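I have placed the structure first, in the form of structure tokens, so that the comments after it can refer back to it.
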Amino acid sequence: MTDEKIESLSKESRLFLPPTNPTAAVGSQEEYERIYRRSIDDMEGFWAERADELLSWEKKWDNVLEWDFDVPEIKWFSGGKLNVAYNCLDRHLENGRRNKAALIWQGEQDQDVKVYTYQMLHDEVCRFANVLKKKGIKKGDRVSIYLPMIPELAVAMLACARIGAPHSIVFAGFSANALRDRINDCGSKVHITGTAVNRAGRQIPLKPNTDEALKECPGVEQVVVVDSAPGYQADMVEGRDVWWHEEMAEDDVHGGCPCESMESEDPLFILYTSGSTGKPKGVFHTQAGYLTYTAHTCQWVFDLKDDDVHWCTADIGWVTGHSYIVYGPLALGATSLMFEGVPTYPNPDRYWQICQKFKVNIFYTAPTVIRALMREGDQWTQNHDLSNLRVLGTVGEPINPEAWMWYYKQIGNSKLPIVDTWWQTETGGHVISGLPYATPMKPGAASTPLPGIDAAIIDKDGKEVGPDEGGFLVIRKPWPGMLRGVWGNQERFKATYFAGFPGTYESGDGARRDEDGYFWIMGRVDDVINVSGHRLGTAEIESALVAHPAVSEAAVVGMPHEVKGQSIYAYVTLKGDEDESDELRKELVTHVRKEIGPLAAPEIMQFAPGLPKTRSGKIMRRILRKIAEGDTSNLGDTSTLADPGVVQDLIEGNADLT
Ligand code: WTA
């Protein structure tokens, strides 16, 4: 934690009104305010109502909430019993949704489509749950999963939930070392993997990574392998590896599988945070609170309705996919679309082609995707019928206003609501976000806290800051979807989230709140740059750079400076047809000066063909800082980088400059 406030230099002031919709869960700003006040004044009453309305309980809870952030300990709905898979599947078989599409899967090839009705998905899940039971998995045992974006991934998750075995999904883009560490940390005995990932017309091997990782995972006894990339030949280890399709064809796995009766606070899953800083943490979530929260946010933030097709483009390996491809939409009995592929293959209009093909209504993606597609030019958005889209969403990082405007105009036809959802693996679901038919939109602002979320911005002494002053974004009361711990390390749980400001949850993000009460996320507090005593967040400076027509992406970090303490070092990726010249470099510095002020003007500007990102698209500023400081001997953990090759390019580019 550092000492001072974070200064804001942003001048963004545009405002767009949301469309009206009389059937919306929350239909106006006044209604939001009324519900919000009630949810804070009577938090337990509010959440009890929601939990009752959204979930089917085997036994109702005794206490809505018990909590103490100093221990820390948080319990929601204790004494209650339920099963998450029952809520996502079984109950829909009886409420008229049996033959409704639960999951639509689009493979990389246009003709590769699979549709699972609720009945079909239920049956697959029961069968795989039986497979797991045959392998000795019982309630409480962990199962690690390393699969591409194929239906078996959702089936495996729900099968784990059905028998009460917490799953730990590792994104299929992670390396063998990253996989090894996560498997060992969660202590899984059974591991599920695929042969290879289909990506942009190529097959990327997955099974060899598993084999490599498992050399150093003594706890894993059995591996179930999905033939995820037909044609790819994977080596099977005798006595350890079995094929998914063979196990699922056995006679004794048919005939249904009862749901395990779970306590509200039993763990549901472990998910390692993206690791943009330090060693990954096994954030874990529990049954009732998490499911209440994801169903609730899906219903209110996306206004998800029964006949909607919901498409969240995230990978299920991230929390976004857990909450908004699988658990939230299925708990509501909606239709969720899952896509195994990339936005630019075979062409940069793939997403819009899929939106048209399935008449997608709710579309949820990340700013990094929007910027990448924006760079390809407007022609790709224009030949598709996007008229079924109703709500657009974004998540993952602050969306720079330039990208927001493009999304609004090109995809939203200048009329659809965009929900900019701020949340974290730790929060389980959206915590700060506009509501699509209630909140006036400001490009780049995450807007206002959702009902039940007591968010605040405080200074180093824990005092709330005034309007437009930057500070630490914290949440002062528990909400049902929040993490319950760091797997096997409650000390770290306390130290990371509850020690900085005793009595509050510390998010690690910096933010400011404007006069209308809107939250503007300024980036991670660890990334703040201190120029002559002015502490600047990264988001605003990067947004200013991206607002220049020649720039497609930018990342800024601090570098040591004799006089100023730190100065700004900017890495800039240009749009395809732009030339890297000294003139442009100067022009960009002038541009930032003009847009947000001389203080933010970069001292050094390096043109970068690509930026080091995690596989979820987050820029790893830790690595950029090291390069800027000229200290590249120890770059720390780079195993989660999407493309490790960019680092060498950047080191060479830095050497040319300095
Ligand atoms: C950032 C992803 C600004 C933030 C759900 C947070 C955002 C981290 C937004 C969590 C947003 C996410 N605006 N910043 N709408 N959404 N972030 O755990 O820094 O992968 O702390 O969860 O992403 O990333 P995670």
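The values are calculated or read from the model by the stated rules, or taken from the named source; none is laboratory data. From a predicted model like this one, the values you see are computed outputs, not experimental measurements. Using ideal geometry, Cβ is built from the backbone for each residue, glycine included, and neighbour counts are taken over all protein chains shown. SASA here: full protein model, heavy atoms, side chains in, ligands and nucleic acids out. Shrake-Rupley method; radii C 1.70, N 1.55, O 1.52, S 1.80 Å.
Can you find a residue that is part of a helix (DSSP H, G or I), out of contact with any strand residue (DSSP E or B) (no Cβ under 6 Å at 6 or more places or on another chain) and of a type outside the set (Val, Ile, Thr) anywhere in the range 271-282? No. The set of residues from the range 495-507 being away from the ligand (no atom under 13 Å from the Cβ) and either in contact with a Phe, Trp or Tyr (Cβ under 9 Å, 6 or more places away or on another chain) or open to solvent by less than 30 Å² (accessible area, probe 1.4 Å) (or both) comprises PHE498, GLY500, PHE501, PRO502, GLY503, THR504.
Within the range 56-107, the set of residues being over 25 Å from the mean Cα position of the chain (by Cα) and assigned to a strand (DSSP E or B) comprises LYS59, ASN63, VAL64, LEU65, GLU66, TRP67, ASP68, PHE77, SER78, LYS81, LEU82. One residue is enough: does the range 340-360 have a residue meeting the conditions closer than 30 Å to PRO478 by Cβ, surrounded by fewer than 24 Cβ atoms within 10 Å (Cβ to Cβ) and not acidic (Asp, Glu)? The answer is no; no qualifying residue exists.
If you go through the range 189-248 and keep only what is among the aromatic types (Phe, Trp, Tyr) and under 27 Å from the mean Cα position of the chain (by Cα), you end up with nothing. All conditions but one from (1) open to solvent by 10 Å² or more (accessible area, probe 1.4 Å); (2) in contact (Cβ under 8 Å) with a residue 24 or more places away in the chain; (3) not in a loop (DSSP other than H, G, I, E, B) apply to SER616; the one that does not is (3). Just give me the residues in the range 301-322 being more than 18 Å from the chain's Cα centre (by Cα) and either within 16 Å of the ligand (Cβ to nearest atom) or open to solvent by less than 30 Å² (accessible area, probe 1.4 Å) (or both), in sequence order. Selection gives ASP303, LEU304, ASP308, VAL309. The one condition from (1) surrounded by 21 or more Cβ atoms within 10 Å (Cβ to Cβ); (2) touching a His at 6+ places or on another chain (Cβ under 9 Å); (3) closer than 22 Å to ASP112 by Cα that VAL224 does not meet is (3).
Listed conditions (1) under 19 Å from TYR146 (Cα atoms); (2) of a type in the set (Ser, Thr, Tyr); (3) open to solvent by 30 Å² or more (accessible area, probe 1.4 Å) are all met by TYR272, apart from (3).
Could you please let me know if GLU44 is open to solvent by 100 Å² or more (accessible area, probe 1.4 Å) and assigned to a helix (DSSP H, G or I)? So GLU44 fails the test. Which one is surrounded by the fewest Cβ atoms within 10 Å (Cβ to Cβ), of the residues in the range 61-79 that are in contact (Cβ under 8 Å) with a residue 60 or more places away in the chain and in contact with a Gly (Cβ under 7 Å, 6 or more places away or on another chain)? Within the range 61-79, the match that is surrounded by the fewest Cβ atoms within 10 Å (Cβ to Cβ) is ASP70. For the range 448-473, residues that are buried (at least 24 other Cβ atoms within 10 Å of the Cβ), under 21 Å from the mean Cα position of the chain (by Cα) and either free of Cβ contacts under 8 Å to residues at least 12 places away in the same chain or not in a loop (DSSP other than H, G, I, E, B) (or both) total 2.
Among the residues examined, GLY471 qualifies as away from the ligand (no atom under 14 Å from the Cβ) and over 18 Å from PHE69 (Cβ atoms).
Hey, could you check the range 474-490 for residues that are open to solvent by 10 Å² or more (accessible area, probe 1.4 Å) and part of a loop (DSSP other than H, G, I, E, B) and say which is farthest from GLN287 (Cα to Cα)?
Within the range 474-490, the first condition is being open to solvent by 10 Å² or more (accessible area, probe 1.4 Å), and the residues that meet it are 476-477, 484, 487-490.
With the extra rule that they be part of a loop (DSSP other than H, G, I, E, B), the set shrinks to 476-477, 484, 487-489.
Numbers: ARG476: 22, LYS477: 19, ARG484: 11, TRP487: 15, GLY488: 18, ASN489: 20 Å.
In this case the residue turns out to be ARG476.
Residues of the range 245-262 that are surrounded by fewer than 19 Cβ atoms within 10 Å (Cβ to Cβ) and within 29 Å of GLY428 (Cβ to Cβ): PRO258, SER261.
Those helices (runs of 4 or more DSSP H) of the range 336-447 in which at least 1 residues are at pLDDT below 95 and away from the ligand (no atom under 16 Å from the Cβ), considering only elements entirely within it, cover 367-375, 379-382. Here VAL242 fits the description: assigned to a strand (DSSP E or B) and surrounded by fewer than 24 Cβ atoms within 10 Å (Cβ to Cβ). How about the range 201-218: which of its residues are closer than 15 Å to GLN233 by Cβ and either of a type in the set (Gly, Ala, Ser) or in a loop (DSSP other than H, G, I, E, B) (or both)? Passing the criteria: only LEU206. Scanning the range 238-295 for residues that are of a type in the set (Gly, Ala, Ser) and over 30 Å from GLY636 (Cβ atoms) turns up GLY239, ALA249, GLY255, GLY256, SER261, SER264, ALA288, GLY289, ALA295. Scanning the range 619-658 for residues that are open to solvent by less than 20 Å² (accessible area, probe 1.4 Å) and at pLDDT below 85 gives THR640, LEU641. In the range 508-613, counting only strands (runs of 3 or more DSSP E) that sit wholly within it, the ones holding 2 or more residues that are buried (at least 19 other Cβ atoms within 10 Å of the Cβ) and within 16 Å of the ligand (Cβ to nearest atom) span 519-524, 551-561.
Of the residues GLU553, GLU469, GLU587, GLU515, the single one that is touching a Pro at 6+ places or on another chain (Cβ under 7 Å) and of a type in the set (Asp, Glu) is GLU515.
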